[in-house]
Amino acid sequence: MKLVTFLSDEGKLSPGVLVDGGVIDLSSALPEKPSALRDVLAGDMLGRVAELCQDASAITVTGRVLKSPIPDPANIIAIGLNYRDHAIESGMAIPEEPIVFGKFTSSVCGPEETISLPGASREVDYEAELVVVIGRRASHVPQSEAMEYVAGYTIGNDVSARDWQLRKPGGQWILGKSFATFAPIGPTLVTRDEIPDPHALSIQLKLNGQLMQSSNTSRLIFRIDQLVSYLSQVFPLQPGDLIFTGTPPGVGFARKPAVFLQPGDVCEVEIEGLGILRNTCRRA
Ligand code: ZN
């Protein structure tokens, strides 16, 4: 299933599911009246959502504007240097344990929304990433069971101000990656059953139509089950939490000459089976 958050005719965000012919508004079709996809996940409603998809009369919306599938995650976790060849292009050692940082949840934006280039940075870069969406509270989960806690996947762009990330005192990874709109995700949350092997997906990023990153999630150093298990020993993952799993080679700052995002630039991240996430850059 392709779960979405869409803008209703009344101008409010509603959880839904994409079907042939439109969207089923889950805030009216489910008796619990969930107001967000996080509630659908936390309430274990996916089985009933699947039943609704078989019922053509449940379609209530035809035209729709898709927004970030999870607009308000409790946590955004991101993994650094998780593709071997990206670690090498960055001049960093290949990690022996996951390198973990966070992005503030206020950095989330949705498909087709604007990436706002802040006045405080002149080195804003793109990072194509597979994003894992947590489906159930996960605390101290063994690796062998970790995938059961994954609701599905979406596409992310881990937008990064390199001057902040790399050259502020102490190295400010969180600040450099948490400017408003620096976490575009979407366009949909594709449920886990639709992606039999998340470690075999082509992933690429085009900047203004030019291919900048092209790889496959088979090259992840730390895989999804390892990451969920690893993180869950530190803090409980919540339904709707996002894990940005890392980016492959080809980012702008590692190029010679370096490439940074400019007003008017269009980033398109495509992952096999998940669609395309497109965002245009504007000066804040
Ligand atoms: Zn990243």
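Results, tabulated for the structure shown:
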{"read-out": "Computed FRET value (nearest 0.05) for residue 112 with residue 233, which takes r as the C-beta separation and R₀ as 45 Å", "value": "0.75"}
{"read-out": "The chain: most fluctuating residue of 117, 30, 66 per GNM, C-alpha cutoff 10 Å", "value": "30"}
{"read-out": "Dipole of the chain, positive direction: furthest Cα of 77, 213, 257, with charges on the beta-carbon", "value": "257"}
{"read-out": "Length released on extending from residue 33 to residue 202, taking residue separation times 0.36 nm less the Cα-Cα span", "value": "57.2 nm"}
{"read-out": "Rounded percent of accessible protein surface that carbon and sulfur make up, the range 84-142, 1.4 Å probe", "value": "51 percent"}
{"read-out": "Dipole of the range 48-131, positive end: most advanced residue of 128, 56, 105 [Cβ charges, Cα centre]", "value": "56"}
{"read-out": "Net charge, residue 33 excluded, C-beta distance under 12 Å - Lys, Arg +1, Asp, Glu -1", "value": "-3"}
{"read-out": "Dipole in debye (nearest 20) - the chain, about Cα centre, beta carbon charges: Lys, Arg +1; Asp, Glu -1", "value": "940 debye"}
{"read-out": "Sites residue 218 and residue 144 - FRET efficiency at Förster radius 35 Å, r taken between beta-carbons, to 0.05", "value": "0.95"}
{"read-out": "For the chain, accessible area per residue (1.4 Å probe, heavy atoms of protein chains only), Å²", "value": "41 Å²"}
{"read-out": "Relative packing of peptides 208-218, 263-273 - highest average C-beta neighbours within 10 Å first", "value": "263-273, 208-218"}
{"read-out": "Of 67/256; 12/177; 12/168; 177/256; 103/206, those spanning more than 32 Å from alpha-carbon to alpha-carbon", "value": "67/256; 12/168"}
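The values are calculated or read from the model by the stated rules, or taken from the named source; none is laboratory data. All values reported here derive from a predicted model rather than from experimental measurement. Here Cβ is always computed from backbone atoms with ideal geometry, including for glycine, and neighbour counts include all displayed protein chains. For accessibility, only protein heavy atoms count, side chains too; no ligands or nucleic acids. Shrake-Rupley method; radii C 1.70, N 1.55, O 1.52, S 1.80 Å.
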